[in-house]
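All of the numbers you see were taken from the coordinates with simple rules; none came from a lab. Owing to the predicted nature of the structure, the values given are computational and were not obtained by experimental measurement. Counting neighbours? That spans all protein chains shown, and the Cβs are built from the backbone with ideal geometry, glycine included.
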Amino acid sequence: MSKYIYKQILIIGLIGAIVFSSRITEYPTEAATTKITYRIENKQQIKKSKKLTAKYLYQLPQIKGNSSAIQKINKSLIQDYKSTFQYKKNLFNYFEELKNSSYKNIYYTNKCSVTYNRNGYICFRFISKWYAGGVGETREYGLTYRLKDGKKLGVQDVVAGKKSFCMFWAVYPRRRSWTCLN
């Protein structure tokens, strides 16, 4: 009879250990829920004449840290910044042409905000505007990165559903939305 009791105690103990160990792995790690720190640098250049001011502004986000993933993300963000140099060149060419016009201000701005920063991902939203002597444009775009490996994610990586059913549609010129059809 005592062997029977010992077997039951051993079985109950093993079941308890299995249940306890499985409960520990159910909780998310704190690293996955922490936010990454970043700063946004204003890259600005202004030219002025008697009547006209031309202003170029790009808000460059940079993530703080030294890991290879962080360096990869920061390099990608710098590439996005460098891609606006043609806008800057055009802006200052317009400035030279419009110096003696009645226009007072021309500009190119690319402002950045962080829309998501948790669970191992960070998302940047950019609003790009330019105006040069009666002609202008506004556009929005976003950049999303996975912090563990620095991968730049596309829409197909973050939207639920099949890739073949994801499409982009514009509701209004300044308001764009993603949708997935299942």
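What to note about this one:
- Of K50/K82; K72/K111; K47/K99; K111/K151; K55/K111, pairs whose Cα-Cα distance is over 19 Å: K50/K82; K72/K111; K111/K151
- When you count the other C-beta atoms within 10 angstrom of each residue and take the mean per peptide, 103-109, 57-63, 87-93 line up highest first as 57-63, 103-109, 87-93.
- Length released on extending from D149 to R118, taking residue separation times 0.36 nm less the Cα-Cα span: 9.7 nm
- Sorted by Cβ density within 10 Å, fewest first, the residues T138, T37: T37, T138
- Length available on full extension from K75 to K43: 0.36 nm per residue minus the Cα-Cα distance, which gives 9.9 nm.
- Summing +1 for each Lys or Arg and -1 for each Asp or Glu among the other residues whose beta-carbon sits under 10 angstrom from that of F126 gives +1.
- Distance from the Cα centroid of segment 34-50 to that of segment 65-93 is 12 Å (rounded to whole angstrom).
- Whole-Hz Karplus values for segment 50-62 come out as 4, 10, 10, 10, 10, 10, 10, 9, 10, 8, 9, x, 9 Hz, taken residue by residue from phi with 6.51 cos²θ - 1.76 cosθ + 1.60 and θ = phi - 60°; glycine and proline positions read x.
- The phi torsions of segment 104-109, fed into the Karplus equation with coefficients 6.51, -1.76 and 1.60 and a -60° offset, translate into couplings of 9, 9, 10, 7, 9, 10 Hz, rounded to whole numbers, with Gly and Pro shown as x.
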